[in-house]
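Note sheet for the following structure.
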Amino acid sequence: MKKLDNIYYGDLINFIGEKPWNTNVIFLLKNKLCSIFTEEGDYSKGCLVVPQGELKDLYLLGEIKLDDLYHFLYKLEDKRTLLCDMRYRSLVMGTGIFKKGLKNVIYSYLEKPLCYEISITPTPKKLSLENKKDLQILPLDSSFIFKNFTDLDRFLSEGISYSIFIKKHIAAISNTYSFSEKYADICVYTGIAHRRKGYSYNCAKALINELLTLNKIPTWTTAEDHIPSRKLAEKLGMVVVDEVYCFY
């Protein structure tokens with residue numbers, strides 16, 4: 001497997017194309033948060049997107065020879081997960097490296113929705129760099145919302161986030177997980193003591209309203225069996241538009 005030089009990244013984005021599940025890959029490419037590996041440097045058949053630092057998800061785009069894929073994955077020092085199009089599920093399973101596979105579904109809108117009314121108080125607040133300390137004291141189980149950002153400064157300056165505060169602490173947050181030219185994948189987190197109160201729903205509505213003004217199509221990625229997450233996406237008027245397989 002050969003590492004692809006950064007000068008090919010623009011061409012690679014065109015090769016990948018705009019699909020909802022490619023949103024995160026394009027985000028990583030544009031923000032230089034990954035390396036690209038291919039067979040003999042030819043990405044037109046298939047490539048692996050390997051995020052840097054603490055990001056653990058690999059992305060298989062297209063098809064790579066089974067032996068090459070096996071040897072590359074085997075050399076990785078830390079445990080990774082791998083996401084790919086459903087068509088290449090058998091190829092990944094053929095390596096024998098991953099024990100389980102999980103289907104993720106991706107929600108979005110078939111037509112551009114109208115802006116939502118924020119119907120309850122307290123009203124969601126858009127976060128800025130001034131809220132860095134508020135994020136630093138969130139519980140550990142909220143860490144997934146920061147996954148695609150190397151630090152909180154980037155999270156707050158490059159992403160968009162809305163939160164509801166209770167007693168000066170973040171009770172719920174909805175933020176952009178990744179961007180592409182067309183799509184913006186979003187996620188939510190609610191503290192245990194504040195669930196089932198509509199807080200995440202209203203934070204997500206506030207975020208979606210802003211994304212619509214930016215001409216971004218919101219997407220929502222979740223595990224197929226994560227029923228609470230799926231119900232919230234459907235409550236927001238979204239429907240399943242794509243799927244991706246995750247191996248671990």
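Considering only residues in region 189-205 that are buried (at least 21 other Cβ atoms within 10 Å of the Cβ) and hydrophobic (A, V, I, L, M, F, W, C), the one that is farthest from V105 (Cα to Cα) turns out to be C203.
Does S178 qualify as being touching a Cys at 6+ places or on another chain (Cβ under 9 Å), closer than 26 Å to K30 by Cβ, of a type in the set (S, T, Y) and surrounded by 11 or more Cβ atoms within 10 Å (Cβ to Cβ)?
On the way: touching a Cys at 6+ places or on another chain (Cβ under 9 Å): no; closer than 26 Å to K30 by Cβ: yes; of a type in the set (S, T, Y): yes; surrounded by 11 or more Cβ atoms within 10 Å (Cβ to Cβ): yes.
Considered against the rule, which asks whether it is touching a Cys at 6+ places or on another chain (Cβ under 9 Å), closer than 26 Å to K30 by Cβ, of a type in the set (S, T, Y) and surrounded by 11 or more Cβ atoms within 10 Å (Cβ to Cβ), S178 comes out as no.
For the condition free of Cβ contacts under 8 Å to residues at least 60 places away in the same chain and surrounded by 11 or more Cβ atoms within 10 Å (Cβ to Cβ), E130 does not qualify. Would you mind stating whether I106 is outside any helix (DSSP H, G or I), among the hydrophobic types (A, V, I, L, M, F, W, C), within 20 Å of C246 (Cα to Cα) and touching a Pro at 6+ places or on another chain (Cβ under 6 Å)? In short, yes. Flag not set for T95, criterion: in contact with a helix residue (DSSP H, G or I) (Cβ under 9 Å, 6 or more places away or on another chain), of a type in the set (V, I, T) and exposed (fewer than 15 other Cβ atoms within 10 Å of the Cβ). Quick check on region 179-188. Is at least one of its residues touching a helix residue (DSSP H, G or I) at 6+ places or on another chain (Cβ under 7 Å), farther than 21 Å from K19 by Cβ and at pLDDT below 95? No, there is no match, as no residue in region 179-188 is touching a helix residue (DSSP H, G or I) at 6+ places or on another chain (Cβ under 7 Å), farther than 21 Å from K19 by Cβ and at pLDDT below 95. The set of residues in region 25-53 that are among the acidic types (D, E) and touching a Lys or Arg at 6+ places or on another chain (Cβ under 8 Å) comprises E39, E40.
Listed by position, the strands (runs of 3 or more DSSP E) contained in region 142-248 that have at least 1 residues being farther than 22 Å from T121 by Cβ and among the aromatic types (F, W, Y) are 169-179, 183-190, 217-223, 239-247.
The values are calculated or read from the model by the stated rules, or taken from the named source; none is laboratory data. Note that the structure is predicted; figures quoted are calculated from it, not measured. Quick reminder, even Gly has a Cβ in these numbers, built from the backbone with ideal geometry, and neighbours come from all protein chains shown.
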